[in-house]
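To start, the structure under review is shown below, and the notes come after it.
The values are calculated or read from the model by the stated rules, or taken from the named source; none is laboratory data. Model, not experiment: these values are computed from the prediction. Here Cβ is always computed from backbone atoms with ideal geometry, including for glycine, and neighbour counts include all displayed protein chains. Surface areas here come from the heavy atoms of the whole protein model, side chains and all, with no ligands, DNA or RNA. Shrake-Rupley method; radii C 1.70, N 1.55, O 1.52, S 1.80 Å.
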Amino acid sequence: MISTTAVGLGLVLLPGPVDASSAYNGASTQYPFGMAYRVAVFVVAFSVASFRFPGAGPGSHAHAETELGTYETQALDRALARTGLEIEPEPDGKRLGTIHVVNLDVFSPRDGFLQFFNIFHRTTREEVVRREVRLDSGQIWDQAIVDETARRLRDPVFTTLVVIVPVRAADGQANRVDMLVVTRDVWSLRLNSEIEFQQSKLSYLLIAPSENNFLGLRKLISAVFEMDLGEFSTGLLYLDRNFFGHRLRLSARGEAIFGRASGELEGERATVIFERPFWSLASRWSGGISAFHEEHVFRIFRDTALDDHMVGADSTDCAGATAPIEYNLRRFSVKYAGNYRIGQSLKHRFTAGHLVSAIRPTFLDDFPADPCLREDFERTHFPRSERTSQLFVEYGLFEPNFARLRNFNSFDLAEDVRFGPNLVLGVAFALEPIGSESTFTSGEIDAGWTIPWSPGGFFQIGVELDTRVEDGEFIDNIVQVGARVVTPMIADLFRIIARGDVAVIAEDKSNVSSRVRLGGQNGLRGFAIGQFPESNEPRTGDGFLRFIGNIELRTAPIKIGFTRAGALVFFDAGDATYAVDNFRLHADIGIGLRGLIPQLSPLVYRLDWALPLDGSVFPGRVIFSTGQAF
């Protein structure tokens, strides 16, 4: 599913107040969006007027691959001083000699007393870093392959910094060039954590004490505790991206699941993935197998409380009857597939595989016995109960055209962005003779394009279509379209980032729409968790519409000791509804703070305060979390 989407961004930018009518409560209200909308229009128009649009072909952003941030520049200077090497300004056409690896301590002398904690970290072994390099000694220097090596090493689980530069050959030969690879690990013995407060309640918590670099081999071993509003789980995770040194990837996670309110055991979850991924852009073959099992209680929340299902007034037997939206859900899947890839300027991927899966929703033991209520609840909320066995084929396309951005999702650290087109076409055939409970065909189209906006920005547009054809009918039709805009830095002080997403569901026989909510952390920061669709809106027919748009004005980071910090102002708008006639735009404005400790994680810490522009305004809502909002 596309996540950086939304045509319909123009809805956010309409000037003047909006007259929104509610078809389900008879109210008509004017919302005071005028000033916020005009401010949004001004900042976007100003940024567009301030910058030119370059050509979008390869090479138009090539400078982005060579520029270094201050954090990287300091690391490179230390590595050059330590090795006594000198930069080679003209490496093209020369053969690669020695590959030098310098893996710096997590905390540098600039970090003062924090250097003490380096003794608790096992630095990645040089040979482990060296085997990720795509060029071998004796080959001609190829900057594209060097950039690919940097992208592979730039793994947020293990590494916070990667710099690769050509240096003069140590043996003095004029026709040779050496390579200097400078890395800095994320502190490996650590308490990985993510935390999210919404509406003064701990809505999400992840605590994972781990050794992220076991014996310096880039293997992760972790205990994991994870909690959301409805449940918490505890278990183990193992990740090996070079299994037995053969470029194989093994990932395994298992956990027990408990109810947050009751503390009682409610289920378990396990995932195992074993694969041979594409090791480089030149790789032709990949493949793998994965298995997943889960049994737990599925719950839907509104605000911070469990939401209720109410039988509609059109029912003649149990109108107004209620029950909490929670039920047992069992799922499993086994998937195996092989991939073949060809092409240079465009990469073409061909995939074939087999997927066996099952989903079984059931009522909880304490669910009311009223058969009318049970029938209405099942029809409204249960996903389709079925076992499927599907043969599938896919075609994928993308342009291997990469650049590095800074101060986008993180602060001061390099972030890779791929430009150009991407396309996935897929079709699957579920057949009863191979174990499926029903025969049907499903299809998927996922297309997008990312266009560079030099220097350091881009436009992104995408569309995704999913459908299922069964008994001659198109059902479970999902359409998503959207766009994202990231401006270049304006006067080296700030940048504007905007995104949106329009999703439409038609003939929803799997009740996907009953599990999609909007509000709080997922886009409308000034509103309650899962506030939309509103609780008094009846679900009519099998349709659903959701729109979300966001604009942020983010400052450049400020270095404070060994940390980075920044601020922003934002505007959110959107709605989710079961009927187009009920659509009305809700919006909020707010301010936020961002902080980064690069030695620990490339993810920023986020604190947002949002004020809704309709309904109750003060004191607004506060969200504390990790990672950017979008």
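Solvent-accessible surface (1.4 Å probe) assigned to residue 360 amounts to roughly 70 Å². Relative contact order for the stretch 306-362: 31 percent, from Cα pairs under 8 Å spaced at least 6 residues apart, divided by residue count. Please work out the Cα center distance from the stretch 167-192 to the stretch 539-564, rounded to the nearest Å. With the stretch 167-192 and the stretch 539-564 each reduced to a Cα centre, they are spaced 36 Å. Per residue, the convex hull spanned by the alpha carbons of the stretch 386-530 comes to 146 Å³. Using a cut-off of under 19 Å, list every residue of the stretch 163-190 whose amide N is near the label point 7 Å from the Cα of residue 90 along the Cα-to-beta-carbon line. The answer is 166-179, whose backbone nitrogens lie closer than 19 Å to the label point. Heavy-atom accessible surface of residue 555, to the nearest 10 Å², is about 50 Å², with a 1.4 Å probe and all protein chains retained.
Across all directions, the average projected area of the convex hull around the alpha carbons of the stretch 234-370 is 13.4 nm².
A 1.4 Å probe over all protein chains sorts 449, 609 by accessible area into 449, 609, starting with the largest. When the Kirkwood hydrodynamic radius is evaluated over all pairs of different C-alpha atoms of the stretch 294-398, what value in angstrom, to one decimal, is obtained? For the stretch 294-398, the Kirkwood estimate is 17.1 Å. Compute the helix-to-body angle for 371-381: its Cα long axis versus the longest principal axis of the chain, expressed 0 to 90° and rounded to tens. The angle comes out at about 30 degrees.
How far is helix 143-153 tilted off the main Cα axis of the chain, in degrees rounded to 10, range 0 to 90? Between the helix axis and the principal axis of the chain, the angle is about 60 degrees.
The accessible surface of the stretch 512-565, taken with every protein chain in place and a 1.4 Å probe, is 61 percent carbon and sulfur.
When 441, 183, 322 are compared by accessible surface with a 1.4 Å probe, the order from highest to lowest is 322, 441, 183.
Where the alpha-carbon atoms of the chain are placed on the principal axes, they occupy 91, 61, 47 Å, in descending order.
For the stretch 290-441, the share of accessible area belonging to carbon and sulfur comes to 55 percent (1.4 Å probe, ligands and nucleic acids excluded). Enclosing the Cα atoms of the stretch 406-482 in their convex hull gives a volume equal to 129 cubic angstrom per residue.
By a 1.4 Å probe calculation restricted to protein chains, residue 164 has an accessible surface near 30 Å², given to the nearest 10. Annotation: per residue accessible area for the chain equals 45 Å², rounded to a whole number [probe 1.4 Å, protein chains only]. Simple spin-label estimate for residue 626 and residue 191 gives 1.2 nm between the two label positions (7 Å along the Cα-to-Cβ direction from each Cα). Helix 70-83 axis versus longest C-alpha principal axis of the chain: approximately 30°, rounded to the nearest ten.
Farthest toward the positive end of the dipole of the stretch 459-543, out of 533, 488, 465, is the Cα of 488, where the dipole comes from beta carbon charges about the Cα centre. Across the chain, C-alpha contacts under 8 Å between residues 6 or more apart give a mean separation that, scaled by the residue count, equals a relative contact order of 13 percent. The order of 255, 534 by accessible area, most exposed first and with a 1.4 Å probe, is 534, 255.
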